[in-house]
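In what follows, a structure is listed as structure tokens, so that the remarks can point back to it.
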Amino acid sequence: MTTLNDKKMVIVGAGSGIARRIAEDATNQGAQVISVGRPEVDLTDEDTIAALAERVGDLDYLVSLAADHANGPVTDLDRDAVHRAFDAKVIGPILLAKHFAPRFREGGAILLFSGVAAWRPAPGRTVMASTNAAAATLAEALAVELAPLRVNAISPGIIDSGAWDGPGKDAFFRTIADRNPARRVGTPADISSAALLALTNPFLTGTTLHVDGGGRLA
């Protein structure tokens with residue numbers, strides 16, 4: 001297993017609780033972490049992606065957690081919202097790969113984020129299911145095209161990352177925990193440990209790691 005000591009990692013979509021935990025854990029293991037959010041890079045604007053790659057220079061690892069949801073009944077969906085969702089999860093990561101791929105050092109890796117909705121679609125979550133499934137397929141395609149650069153994806157389940165905070169959270173989490181084979185919801189630490197594994201294992205590529213407590217099977 002490769003260590004993170006003196007490795008340069010770029011995290012796109014830095015605003016989430018999961019992104020912050022990955023950055024913290026990687027930093028504690030010796031990595032130089034560059035976390036960027038929408039003010040620094042707009043995944044709908046290729047020029048900002050190219051500019052970010054130029055500023056970063058050589059790197060070892062790239063993680064994309066960007067998301068922009070377009071939830072709701074198909075009959076009510078807004079076309080621009082659907083486009084933004086695909087920009088965040090699919091088109092943006094393709095452009096990140098385009099501009100960063102030539103800059104990776106030997107042993108480098110890209111990590112994309114899918115999600116359990118791709119395997120458990122639900123009413124009102126058609127766009128989320130589609131973008132997450134596309135992200136998993138994109139990881140496979142990029143792993144082949146960019147080899148030996150490794151590309152993987154993580155598919156989180158329901159994670160207590162702050163995104164679910166609000167009325168009804170406790171009851172929702174109890175329902176999820178009762179249904180999941182793991183009998184609990186996930187934490188940012190669960191996802192971070194899997195993310196660092198995917199980045200540092202030199203024989204892991206073209207794979208989606210399901211870190212969902214078995215939620216896709218429930």
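Some points to look at:
- Of the peptides 74-83, 30-39, the ranking by mean beta-carbon count within 10 Å, highest at the top, reads 30-39, 74-83.
- Simple rule: put +1 on each Lys or Arg Cβ and -1 on each Asp or Glu Cβ in segment 1-63, find the dipole, and look at L52, I11, A26; the Cα lying farthest toward the positive end is A26.
- Between the labelled values (1) 11.0; (2) 13.0; (3) 11.7, the entry that holds mean projected area of the Cα convex hull in nm² as derived from this structure is (3).
- Counting protein heavy atoms only, segment 1-141 has 49 percent of its accessible area on carbon and sulfur, 1.4 angstrom probe.
- Linear extension gain, K98 paired with D45, 0.36 nm per residue minus alpha-carbon span: 17.8 nm
- Lys, Arg +1 and Asp, Glu -1 on Cβ, resulting dipole of the chain about Cα centre, debye, nearest 20: 620
- Using C-alpha pairs under 8 Å with a sequence gap of at least 6, the mean separation divided by the residue count of segment 1-150 gives a relative contact order of 22 percent.
- Ranked by the mean number of other Cβ atoms within 10 Å of their residues, highest first, the peptides 138-145, 127-134 come out as 127-134, 138-145.
- For the chain, the solvent-accessible area with a 1.4 angstrom probe is 48 square angstrom per residue.
- Here the relative contact order of segment 77-218, from alpha carbon pairs under 8 Å that lie six or more residues apart, stands at 27 percent.
- The residue list F203, G115, V185 was ranked by how far each Cα lies along the charge dipole of the chain toward its positive end, using unit charges on Cβ atoms, and V185 comes out on top.
- Rounded to the nearest 20 debye, dipole of segment 1-104 from Cβ charges on Lys, Arg, Asp, Glu: 280
- The simple Förster model, with R0 at 25 Å and r as the Cβ-Cβ distance, assigns R179 and A141 a FRET efficiency of 0.20.
The values are calculated or read from the model by the stated rules, or taken from the named source; none is laboratory data. Please read these numbers as outputs of a predicted model, since none were measured by experiment. Every residue, glycine among them, receives a Cβ derived from its backbone with ideal geometry; neighbour counts consider all protein chains shown. To get the accessible areas, we keep the full protein, side chains included, count just its heavy atoms, and leave off ligands, DNA and RNA. Shrake-Rupley method; radii C 1.70, N 1.55, O 1.52, S 1.80 Å.
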